[in-house]
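What follows is one structure encoded as structure tokens, with my remarks underneath.
Derivation of every value follows stated rules applied to the coordinates shown; laboratory data play no part. Source: prediction; values computed, not measured. Note that we place each Cβ from the backbone using ideal geometry, even for glycine, and neighbour counts take in every protein chain shown.
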């Protein structure tokens, strides 16, 4: 009996196993809940995405290629089941959230990072996009690049992380509009990356450059044979609006985020704004903190937000605002960090104050979590617009 007891796994083993089961199982359960039966069929966008995921169609139109390739694999393995088609978005979404947590942990610590990830994950448009068979979720791929960059900074001598950075950057280029985010980011942080690159050997840099060109060659080839595809990649509209009309569209796009949607969308319930009161309040706090203490980061993130809003206004596409969600979540995380630090300054030596502060913030985020789940899993599938548009097979 004593021998059996000694061979029994320790408490730490069970604690670690439960932690990973909880942190992986619960998000997967939420994101995949009734995934194949939440609607009676597919929408026009999902059918189009399914058709575009065929290998011959990917060759002719490689935009969103990383998503299309995975969707094609799952589609064939499952025999075309709706669950497998939508599982593609779930996989991308959860992977992005894990990488986002790693990046935020460096900035905010584990507790605030977890709360910030919950803010992003349970934002209704993010959760809805994560449960539909469309490549909208890949608009958040810059998070993967930040993750690879952080890994590289800690392991500059490891060639695997250099290759990972190049692969993620190249795959991100297949997502329309992300080139603008990378161009703006390079103006603020390009010197940091080039400072690391110049320390590499010539052979390594040549190899990385060759890898980047090879991965991008299908995209470049598609631009050569179809120049119109370049406009879609840059998110340039077919016709430019008049200044007055553009100003109106721009105002409505700001409203889409904070006040009210311009019109009902397939990703929304009615005309509710993309952000709720909790996110808007934390966004205001975070913006103030970044203006006071992180001026460079403030201009970087807000420049990116501005170009995203402009692109969304020009194209009249709500889905483009998906690019802005990680940046908004990061700023909200700064707001959470500010509230936590201010509370700790009131009770600097009281260990209970730290726990109470985190408990209070979890309470605030819980309101957001309940709202996001009710919105995305319960209300959204039952709306008239969704029932009317999700009927195709």
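What ranking of 154, 50, 374 emerges when the number of other C-beta atoms within 10 Å of each C-beta is taken as an exposure proxy, fewest first? Arranged by neighbour count, lowest to highest, 154, 50, 374 become 154, 374, 50.
A Förster radius of 25 Å combined with the Cβ-Cβ distance from residue 378 to residue 262 puts the calculated FRET efficiency at roughly 0.55. Shape of the chain from the C-alpha gyration tensor: rounded (a/c under 1.5, with a ≥ b ≥ c the square roots of its eigenvalues). Any idea what log10 I(q)/I(0) is at q = 0.14, 0.17, 0.22, 0.30 Å⁻¹ for segment 215-267, Debye with uniform C-alpha scatterers and no solvent? At q = 0.14, 0.17, 0.22, 0.30 Å⁻¹ the computed log10 ratios are -0.61, -0.74, -0.86, -1.12.
Legend: calculated FRET efficiency, residue 77 to residue 102, from the Cβ-Cβ distance at R0 = 30 Å, rounded to 0.05, equals 0.55.
Taking a ≥ b ≥ c as the square roots of the eigenvalues of the Cα gyration tensor of segment 70-173, is the shape rounded (a/c under 1.5), prolate (a/b larger than b/c) or oblate?
On the way: a/c = 2.69, a/b = 1.36, b/c = 1.98.
Oblate shape, in that a/c is at least 1.5 and b/c is the bigger or equal ratio.
For segment 179-263, the square roots a ≥ b ≥ c of the C-alpha gyration tensor eigenvalues yield an a/c of 1.5 or more together with a/b not exceeding b/c, which makes the shape oblate.
From least to most packed, judged by other beta carbons within 10 angstrom and beginning with the fewest, 342, 157, 385, 46 follow the order 157, 342, 385, 46.
For the pair segment 111-150 / segment 369-393, the C-alpha centres are spaced 19 Å from each other. Contact order for segment 253-326, expressed relative to its length and based on alpha carbon pairs under 8 Å spaced 6+ residues apart, stands at 24 percent.
Report relative contact order for the chain in percent, whole number only (criteria: Cα-Cα under 8 Å, sequence separation at least 6).
Reported as a whole number, the value is 23 percent.
For segment 232-379, relative contact order (Cα pairs under 8 Å, six or more residues apart, normalised by length) works out to 25 percent. Counting 0.36 nm for each residue step from residue 228 to residue 201 and taking away their Cα separation leaves a gain of 5.8 nm.
Model label sites at residue 157 and residue 388, defined 7 Å from Cα along the beta-carbon direction, differ in position by 6.4 nm. For segment 166-198, the residues whose backbone nitrogen is under 20 Å from a point 7 Å from the Cα of residue 210, taken along Cα to Cβ, are 166-171, 197-198.
Peptides 188-200, 319-331, 133-145 ordered by packing proxy, namely the average of other Cβ atoms within 10 Å per residue, highest first: 133-145, 319-331, 188-200.
Please report how far the C-alpha centroid of segment 281-303 lies from that of segment 44-58, rounded to the nearest whole angstrom. Each part's Cα centre sits 39 Å from the other's. Per residue, the chain reaches -23500 deg cm²/dmol at 222 nm when only DSSP H runs of four or more residues are counted, each adding -39500 (n - 2.57).
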